[in-house]
Amino acid sequence: MARKVAIVACSQLIYEKKRNSSREMMVYEVINELLKNAGISKADIDSFISAQNDYLEGRTISNMRTVGPSGAYLKDESKVEMDGAFAALYAYLRILSGTHDVVAVYGESMASCYPPYLPMTWTLDPSFDRQNGFVNEISAAALQACSYMYKYGITEKQLAKVSVKNLENATKNPYALRKINNIDIETVLKSRLLYSPIRALNAYPLTDGACAILMASEDKAMEMTDKPVWIEGVGTCHDSYYMENRILADCDCLQLAAKSAYKMAGIKDPLKEIDVIELHENFSHEELIFYESLGLCSKGKGGEFIDTGATLINGILPVNPSGGALSANPVCATGLIRIAEVVMQIKHEAGEHQITNKKEVNIGLAHGQNGICAQQNIVFILKGARKCEM
Amino acid sequence: MAKREEVKEVTTNINPSYDWSVGYYMERFIKEFKSNKIFGVRCPACDKVYIPPRMICEQCFKKLSDWVEVSSEGSIISYTIGHVELDNKFGGLKEPIEPNIIALIHLDGSDSHIVHQIKETSTDEIRISMRVKAVWAKDPKGYLTDLCYFKPI
């Protein structure tokens, strides 16, 4: 019988356009906040896993310098050069393996430090797309959005609705960077056109920030909290490196990742069984595609699904009550933030952006992604204490 | 770099240069541009023709070696009008001299797409399924830049 693993605490710092401190202090602060929230000291932590990226830090083996600030000094430590949700997977596997019991996971980056958008172009095929210079994360997202809208008759208004919903939710989230009061569809449709149909408010904001979560084995978790949030399922899937070889209008690899996570967690009807979803949507059209991939609606119906209001904070299945990545996107932390936000909702600790129209928020889905047009996806199913028999 | 505040920030320019071997397949692909030809490779299992030529069909997990010439004409699968462009030195976005049309193009005889720019048309005329053809450099040298852009047929 596999061990059970819980998330016992999480911490976030206020996301900023330009944080007035060093990256090391940011890590120190988010870890200290985590220790405070968990009511433990760093001596209680066995292992540290970070999500950070050498290109974003301008330093190779970027985690070497965060050993001290994270509390990993003379401890077991490793990192992923990926979204933070994949660091959480790494930590989960360490605990499942039995080699570690308590693992701190953190993700961080500062867009005010690195040359914005260039690191993603350095992921491209150096022999073709990188030489030509036509593909970057926004132009690629625009090609995906155009392809999706054409294939399924999705409108710019429906894309704008995602931004309106998420940025409105963000006004209630004390950590969010981009909050726009009284935002409406017109506000989005009048925002600066970047690569058609992607406008400034359809795209994530450049962000400085960090997030951390604490994961523990069942016995340790029960010692530390009376509100553990259990990892019930996880699934990941990787699509082709070449976006030109993918069907951009559909995110089949997220569908496969979700299928694995649902199977592991025993989820048969996600729309009925899941209480809250936090998605890593870098661009508003992605959220609509992801609704379809997660099986909340059928293929091509993402636009109609948002039209129903189902994913509003007071809808039948709130998606991104925090404001999602459209409200703050510190690369490498974003997927971890999704996990932290789901944990906060399940623990009923989300404050002003707590979902209040449900009797209980007990099962949540957190999503992370990497790469151009969401090449790689990960889905976690998290569950509160109340129905945790396995 | 953009203006930096003294003391609080330091700027480090990392400017390494990498020499990637493009591999035999890309080398041939690029060299064929000299004679204004576009070559792909066909998967022996699923028959898909990949351009640029890939060494492996990911779906079938087969090595590809069957070279086929594809057409220099094709159709627009998706497009975007760039009202910004990337600042390749400092990062971030800047204003382009004029809006740039970037398209996902399906070339006749191939089963994958390439991203390239469309010229000799207007942002009003561009649409999905528009037929386009490659425009080659006047004096092709067997470089990637020999394929200048695509234009409507």
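List every residue pair whose Cβ atoms sit under 7 Å apart, with the two residues 6 or more apart in sequence or on different chains, where the first one lies in segment A:130-142 and is more than 7 Å from every other protein chain (Cβ to nearest Cβ) and the second, anywhere, is small (Gly, Ala, Ser).
Correct list of pairs: A:138/A:203.
Among B:103, B:134, which is among the small types (Gly, Ala, Ser), more than 9 Å from chain A (Cβ to nearest Cβ) and within 15 Å of the chain's Cα centre (by Cα)?
B:134
What is the number of the single condition among (1) more than 27 Å from residue A:125 (Cα to Cα); (2) without any contact (Cβ under 8 Å) to a residue 40 or more places away in the chain that residue A:200 does not meet?
(1)
Here is a check on your reading of the model: is residue A:40 on the phi < 0 side of the Ramachandran plot, away from every other protein chain (no Cβ under 14 Å) and assigned to a loop (DSSP other than H, G, I, E, B)?
Details: on the phi < 0 side of the Ramachandran plot: yes; away from every other protein chain (no Cβ under 14 Å): yes; assigned to a loop (DSSP other than H, G, I, E, B): yes.
For residue A:40, the condition - on the phi < 0 side of the Ramachandran plot, away from every other protein chain (no Cβ under 14 Å) and assigned to a loop (DSSP other than H, G, I, E, B) - is met.
If you take the residues in segment B:22-58 that are among the acidic types (Asp, Glu) and part of a loop (DSSP other than H, G, I, E, B), which one is nearest to the other protein chains (Cβ to nearest Cβ)?
B:58
Do you know which residues across segment A:104-129 are surrounded by fewer than 24 Cβ atoms within 10 Å (Cβ to Cβ), in contact (Cβ under 8 Å) with a residue 40 or more places away in the chain and assigned to a loop (DSSP other than H, G, I, E, B)?
Passing the criteria: A:112, A:113, A:114, A:116, A:122, A:123, A:124, A:125.
One residue is enough: does segment B:117-131 have a residue meeting the conditions hydrophobic (A, V, I, L, M, F, W, C), under 20 Å from residue B:30 (Cα atoms) and out of contact with any Ser or Thr (no Cβ under 8 Å at 6 or more places or on another chain)?
Yes, segment B:117-131 has at least one match.
Let me confirm something: among A:331, A:361, A:343, which residue is in contact (Cβ under 8 Å) with a residue 60 or more places away in the chain, of a type in the set (A, V, I, L, M), more than 30 Å from residue A:145 (Cα to Cα) and part of a loop (DSSP other than H, G, I, E, B)? So that I can check it myself, show each step before the final result.
On the way: A:331 fails: more than 30 Å from residue A:145 (Cα to Cα); A:343 fails: part of a loop (DSSP other than H, G, I, E, B).
Result: A:361 is the single residue among A:331, A:361, A:343 that is in contact (Cβ under 8 Å) with a residue 60 or more places away in the chain, of a type in the set (A, V, I, L, M), more than 30 Å from residue A:145 (Cα to Cα) and part of a loop (DSSP other than H, G, I, E, B).
Filter segment A:225-241 for residues that are outside any strand (DSSP E or B) and either under 23 Å from residue A:335 (Cβ atoms) or modelled with pLDDT of 95 or more (or both) and give the result.
First, the residues of segment A:225-241 that are outside any strand (DSSP E or B): A:225-228, A:239-241.
Passing the criteria: A:225, A:227, A:228, A:239, A:240, A:241.
Of all residues being at the interface with another protein chain (Cβ under 7 Å from one of its Cβ atoms) and in contact with a Leu (Cβ under 6 Å, 6 or more places away or on another chain) in segment B:64-100, which is surrounded by the fewest Cβ atoms within 10 Å (Cβ to Cβ)? Just the residue, please.
For segment B:64-100, the residue satisfying everything is B:91.
The values are calculated or read from the model by the stated rules, or taken from the named source; none is laboratory data. Keep in mind that what you see is a predicted model, and the values were worked out from it rather than measured. Don't worry about glycine lacking a Cβ; one is built from the backbone with ideal geometry, like all the others, and counts go over all protein chains shown.
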